[in-house]
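This report refers to the structure that appears directly beneath it.
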Amino acid sequence: MLRLALYQPDIPQNTGTLLRMAACLGVAVEIIEPAGFDVSDRHLRRSGLDYLDHVAVTRHRSWAAFEGWRRAEGIRLVLATTAGALPHTAFGFRDGDCLLMGRESAGVPEAVHAAADARVVVPIRAGMRSLNVAVAAALVVGEALRQTGGFPG
């Protein structure tokens, strides 16, 4: 199963949107704490609607806890980053990959970049800084599901 990891998410509406997408596409979600909001936050519930009951969510109390779990399970970590050199469409995704998205406000620290098995970028026009994290995740997850034949039905 493909996994989507959210590194210390800041914005409950984006997280809710990503949880809804994951529920619809059958993607598990790993939330790496600390989050910038309470998961019971009304904005998260509002964005995720009743889909939150249909997604497998695991919360990890820290990056170290997540990394320990991931390494013990032998899961490949693919970081989506504006600092990536390889376009996500040129990368060879595999079933079981964990796709990591950074914080909306700050991305991920260098230690997280270094821990990733691969770093991909969603190509955008010159002069633009970045996409919304939920939009970028949807593009990367969609490509990974396309490549692995993982779309439902």
Of all residues making up region 1-19, the number that are buried (at least 21 other Cβ atoms within 10 Å of the Cβ) and assigned to a helix (DSSP H, G or I): 7
The one condition Thr89 fails out of (1) surrounded by 19 or more Cβ atoms within 10 Å (Cβ to Cβ); (2) more than 22 Å from Gly36 (Cα to Cα) is (1)
Have a look at Arg94, Arg71 and point out the one that is of a type in the set (D, E, K, R), free of Cβ contacts under 8 Å to residues at least 24 places away in the same chain, loosely packed, with under 15 Cβ neighbours inside 10 Å and out of contact with any strand residue (DSSP E or B) (no Cβ under 6 Å at 6 or more places or on another chain). Arg71
Go through (1) within 18 Å of Ala118 (Cβ to Cβ); (2) modelled with pLDDT under 95 and name the single condition Tyr7 misses. (2)
Could you please tell me which pairs satisfy a Cβ distance under 8 Å, a separation of 6+ or placement on different chains, a first residue in region 127-143 that is on the phi < 0 side of the Ramachandran plot and in contact (Cβ under 8 Å) with a residue 60 or more places away in the chain, and a second residue that is in a helix (DSSP H, G or I) and surrounded by fewer than 21 Cβ atoms within 10 Å (Cβ to Cβ)? Ala134/Met21; Ala137/Met21; Ala138/Met21; Val141/Met21; Val141/Leu25
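The values are calculated or read from the model by the stated rules, or taken from the named source; none is laboratory data. Computed from a predicted structure; not experimentally measured. FYI the Cβ positions are ideal-geometry reconstructions off the backbone, even for glycines, and counts take in every protein chain you see.
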